[in-house]
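Quick notes on the structure that follows.
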Amino acid sequence: MASEGQTSTEYIQHHLQNLAYGKLPAGYTRYDGTVLEQSTWTVAKSSQEATDMGFMAVHLDTLGWSIGLGLIFCFLFSRAASKATTDVPRGFQSFVELLVDFVNNTVKDIFHHKNVMIAPMALTIFVWVFLMNLMDLVPVDWLPLTAAAIAGDPHFFFKVVPTTDPNATLGMAFTVFAFMIFFSLQQKGVLGFVKELTLHPFHAGKWYIDILLIPVNLILETVSLIAKPISLGLRLFGNLYAGEMIFILIALMFSAGLVLGLFGGVLQWAWAVFHVLVITLQAFVFMVLTTVYMAMAHDIEEEH
């Protein structure tokens, strides 16, 4: 809930600001009025400082939570694999086997080529994205207030949902894009990849007409290719960012009196239940689209 002396706007802005670490130039006037004598790498203490740090600023909370959740995923699944037996699976092992079978069957339905990397990559994406999305169900004030108390700074920025940061979602999406290009070149060769960009979707079969169509095809295919990672990353970011915003707006109701507070509690519970579907669906969509893109990269047929 909004703290004393903090407006609703300030509360929302505080919860939407990442913990940024970056470089501020010499002569920069900081949030408390102090002037830097030399260029300094430091943690931003205001939204303006985070903005002024520019492109090279690092979001420590996004990196910390995404890497931490990834390590938890690796630990839990490796532990389940090490304890796997031929007996009837129980408990967490049963859950892991069901999840692996689900992902494996999904990949088989989409990806009809031979590449032992695709199914493990799909499983990693689904579980990792789901865990990052799952952090959105933690009440919005719990972890930020705890971090602020530990840091001794009431204005300490601390976002706990990595997928509400476009740097994280676009980072994953462009990694998928890099794999697309790699597998396309591996399966089709440089010439085949160039032909795919220049002879589709319009192809007359006559060289003097195809020469005229090449610029049109190149523009269309390049835009389509670049749009894939951008849409993949922004779709995940947009849905989770909107969900987080709703949780923040509901949290504001707790400081508006008993009646609105009780109503806010009901709304928060209802939205959390619905959001379970959202976070699962978004992880599934990211996994499926990644698998589709990998299948497209392996497709060496001339006609698409």
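Numerical summary
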item	result
Criterion (at pLDDT 95 or above and of a type in the set (A, V, I, L, M, F, W, C)) met by exactly one of Phe111, Phe156	Phe111
Selection from the range 192-227 of residues that are among the basic types (Lys, Arg) and in a helix (DSSP H, G or I)	Lys195
The range 39-50, residues that are farther than 19 Å from Pro144 by Cβ and either at pLDDT 95 or above or outside any helix (DSSP H, G or I) (or both)	Ser39, Thr40, Trp41, Thr42
Members of the range 7-28 found to be polar (S, T, N, Q) and either surrounded by 11 or more Cβ atoms within 10 Å (Cβ to Cβ) or at pLDDT 95 or above (or both), listed by number	Ser8, Gln13, Gln17, Asn18
Set Ile248, Ile230: member being β-branched (Val, Ile, Thr), assigned to a helix (DSSP H, G or I), touching a residue at least 60 places away in the same chain (Cβ under 8 Å) and surrounded by 14 or more Cβ atoms within 10 Å (Cβ to Cβ)	Ile248
Gly257 being over 30 Å from Thr175 (Cα atoms) and buried (at least 16 other Cβ atoms within 10 Å of the Cβ)	no
Unique residue being more than 28 Å from Thr164 (Cβ to Cβ), in a helix (DSSP H, G or I) and among the acidic types (Asp, Glu) when the list is Asp109, Asp136	Asp109
Top-ranked residue of the range 164-220 - restricted to ones that are surrounded by 13 or more Cβ atoms within 10 Å (Cβ to Cβ), among the aliphatic types (A, V, I, L, M) and touching a Leu at 6+ places or on another chain (Cβ under 7 Å), ranked as nearest to Thr62 (Cα to Cα)	Ala173
Enumeration of residues in the range 104-155 that are under 27 Å from Glu49 (Cα atoms), surrounded by 15 or more Cβ atoms within 10 Å (Cβ to Cβ) and either without any contact (Cβ under 8 Å) to a residue 60 or more places away in the chain or of a type in the set (Lys, Arg) (or both)	Leu143, Leu145, Ala147, Ala148
Candidate set from the range 146-183 (those that are outside any helix (DSSP H, G or I) and of a type in the set (A, V, I, L, M, F, W, C)); member that is nearest to Leu234 (Cα to Cα)	Val161
Among (1) farther than 22 Å from Phe284 by Cβ; (2) of a type in the set (Gly, Ala, Ser); (3) surrounded by 12 or more Cβ atoms within 10 Å (Cβ to Cβ) - the single one Gly243 does not satisfy	(1)
Selection within the range 71-88 - surrounded by fewer than 10 Cβ atoms within 10 Å (Cβ to Cβ) and outside any helix (DSSP H, G or I)	Thr85, Thr86, Asp87, Val88
Residues within the range 89-98 that are closer than 19 Å to Phe284 by Cα and either in contact with a Phe, Trp or Tyr (Cβ under 8 Å, 6 or more places away or on another chain) or not in a helix (DSSP H, G or I) (or both), tallied	1
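Okay, residues lined up against (1) of a type outside the set (A, V, I, L, M); (2) farther than 20 Å from Phe126 by Cβ; (3) crowded, with 21+ Cβ neighbours inside 10 Å; (4) without any contact (Cβ under 8 Å) to a residue 24 or more places away in the chain:
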site	(1), (2), (3), (4)
Gly265	yes, yes, no, yes
Val273	no, yes, no, yes
Val276	no, no, no, no
Ile279	no, no, yes, no
Val288	no, no, no, no
Ala297	no, no, yes, no
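Residue-by-condition table, conditions (1) out of contact with any strand residue (DSSP E or B) (no Cβ under 6 Å at 6 or more places or on another chain); (2) within 30 Å of Gln282 (Cβ to Cβ); (3) modelled with pLDDT of 95 or more:
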| residue | (1), (2), (3) |
| --- | --- |
| Asp141 | yes, yes, no |
| Ala148 | yes, yes, no |
| Gly152 | yes, no, no |
| Thr163 | yes, yes, yes |
| Met180 | yes, yes, yes |
| Ala204 | yes, no, no |
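The values are calculated or read from the model by the stated rules, or taken from the named source; none is laboratory data. On a predicted model such as this, the values are computed, not experimentally measured, just so you know. Please note: Cβ atoms are built from the backbone with ideal geometry, for glycine as well, and neighbour counts cover all protein chains shown.
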